Amino acid sequence: MRSGRGRLLKEAMTEDVRQEILSGLKRVVIKIGSSVISKKEGEKGKSVYRLDEERIRHFARQVKKIARTGREVVLVSSGAIMVGRGRLGLDGAHLSIPEKQACAAIGQSYLMHAYEKKFKTQGLKVAQILLSSDDLANRRRYLNAKHTIEALLEYGVIPIINENDSVTVDEIKIGDNDTLSATVACLVDAGLLVILSDVEGLFSRDPTRRPKNSPPPELIPQVSRVTAEIEKLAGKSGSQVTVGGMITKVLAAKKTMSFGIPTLLINGHDDSVLERVAAGEAVGTLFWSGRGRIRDRQHWIAHTLKARGRLVVDPGAVKALVEGGKSLLPAGVLGVEGVFEFGNAVSVVDEASREIARGLVNYSTGDLERIKGLKTSEVRKLVGDNYYEEVIHRDDLVIFENEV
Ligand code: GLU
């Protein structure tokens with residue numbers, strides 16, 4: 001058993017780690033669970049859940065505060081099915097899949113209307129994005145979704161994402177918004193995923209099933225690796241309003257960690273929790289292995305994906321990529337080799353065939369053959385308005401600095 005001093009030391013450590021994560025934080029994904037934006041109404045045994053618009057107003061204020069620090073916020077919000085049930089008076093009823101999908105369709109627009117209204121009072125604009133696992137498995141659509149979110153953030157708009165429940169059937173369902181939020185965090189290359197739920201974090205034992213006279217379970221401040229033991233600890237749970245339980249949260253954290261993104265699990269019912277997080281306090285459970293893994297996505301592009309082709313670039317492009325930290329534009333491409341599609345990994349080589357970078361390409365071989373060497377204005381003329389300025393966007397590019 002851990003001593004009190006041991007715990008204090010561990011909390012001090014996790015505070016340092018949190019400060020470090022916060023100091024470099026530019027983009028955060030916040031998952032808002034249904035339970036966090038709902039209120040229980042009615043008597044015991046007959047209680048129902050309704051959207052609590054005051055909670056949405058509260059989160060609008062919190063997001064505004066984060067945005068003021070210059071950080072970008074992407075929200076993943078649940079609640080569509082819960083709201084739809086309420087609108088149709090189907091509380092507590094067992095629903096078939098089409099009925100649930102109908103509830104999602106009704107609830108989603110109502111939910112977004114509430115976000116729209118409350119965020120507007122803080123001078124914030126919001127946008128809805130509905131995703132299914134199909135959109136994310138397909139590299140082209142994955143990158144499309146990514147570029148849309150990037151464009152919204154550039155306009156200072158808060159993207160609010162949910163699963164496209166009303167049209168997705170079971171086989172292509174992501175299923176729960178914990179998993180969706182982890183996928184989104186990886187998609188937008190966030191510096192942190194925050195999961196707001198109705199629990200304080202991960203406990204050393206299930207806090208809801210405490211045998212009489214046993215000591216209270218301890219909150220675990222930091223998990224540096226999601227082991228089988230941790231997964232077992234998360235067990236199975238879930239309530240009337242939430243889909244996932246602790247296990248989906250732990251698995252979401254495991255996913256982001258493997259991409260080099262920390263996940264913080266905190267209690268969204270606590271009004272001051274986000275401010276305490278921003279102050280670096282050791283609230284909730286932080287899932288993070290520490291330094292050095294932040295570039296895992298880069299690692300994934302460089303070492304996990306197989307390069308389908310090669311782009312030979314001119315010395316000007318080499319300089320812009322290596323020294324200027326720029327994206328690769330069509331003008332710098334001299335030659336195209338191999339057969340690849342939009343979203344595939346390709347090698348970028350100089351005229352001496354030295355690989356200087358690797359990245360995810362925005363054009364197929366055929367399209368790139370047509371536009372290589374052209375200026376942006378010429379590309380627009382040839383391809384029309386529906387073109388990408390970059391052959392490989394900087395965010396999708398890894399430079400092999402040592403090899404140049
Ligand atoms: N997408 C579902 C909804 O908005 C919620 C899924 C979840 O809570 O994990 O109703």
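The values are calculated or read from the model by the stated rules, or taken from the named source; none is laboratory data. This one's a predicted model, so the numbers in the text were calculated from it and none came from an experiment. Cβ coordinates were reconstructed from backbone atoms using ideal geometry, including for glycine residues, and neighbour counts include every protein chain displayed. Remember, those area values only see protein heavy atoms, side chains included, never the ligands or the DNA or RNA. Shrake-Rupley method; radii C 1.70, N 1.55, O 1.52, S 1.80 Å.
Points to keep in mind about this one:
- Candidate lysines - alpha carbon under 19 Å from K306, same-chain residues fewer than 8 apart omitted: none
- Distance between the C-alpha centres of the stretch 12-78 and the stretch 189-228: 17 Å, rounded to the whole angstrom.
- Estimated 222 nm signal from helices in the chain, with DSSP H stretches of n ≥ 4 weighted -39500 (n - 2.57), rounded to 500: -11500 deg cm²/dmol
- With respect to the chain, whose longest principal axis is taken over its alpha-carbon atoms, helix 97-120 is tilted by about 80°.
- Principal-axis analysis of the Cα atoms of the chain puts helix 139-154 at an angle of about 80° to the longest axis.
- Subset of K40/K125; K26/K326; K31/K125 violating a 23 Å alpha-carbon distance limit: K40/K125
- Theoretical gain in end-to-end length, Y155 to N386 [0.36 nm per residue, Cα-Cα removed]: 81.3 nm
- Projected over every direction and averaged, the convex hull enclosing the alpha-carbon atoms of the stretch 146-218 yields 7.8 nm².
- Note on surface exposure: H94, H113 rank H94, H113 by accessible area, highest first, 1.4 Å probe.
- Using alpha-carbon coordinates, inclination of helix 4-23 to the longest axis of the chain, degrees: 40
- For the stretch 324-404, the calculated P(r) over all alpha carbon pairs, in 10 Å bins from 0 to the bin holding the longest distance, is 18, 56, 24, 2 percent.
- Ligands, DNA and RNA left out, the 1.4 Å accessible surface of the stretch 30-150 is 49% carbon and sulfur atoms.
- Accessible surface, the chain, averaged per residue in Å² (probe 1.4 Å): 49
- Ranked by how many other beta carbons lie within 10 Å on average, peptides 379-389, 35-45, 192-202 from highest: 192-202, 35-45, 379-389
- Taking a straight line from the alpha carbon of K381, these aspartates and glutamates sit under 18 Å away, with near neighbours fewer than eight places off in the same chain left out: D367, E369, E389, E390.
- Share of alpha-carbon pairs per 20 Å distance bin for the chain, given as whole %: 25, 52, 22, 2
- Springs between Cα atoms under 10 Å define the GNM used for the chain, and in it the highest mean-square fluctuation of A60, A182, A151 occurs at A151.
- Each Cα pair under 8 Å and six or more residues apart adds its separation to the average, and for the stretch 20-102 the resulting relative contact order is 36 percent.
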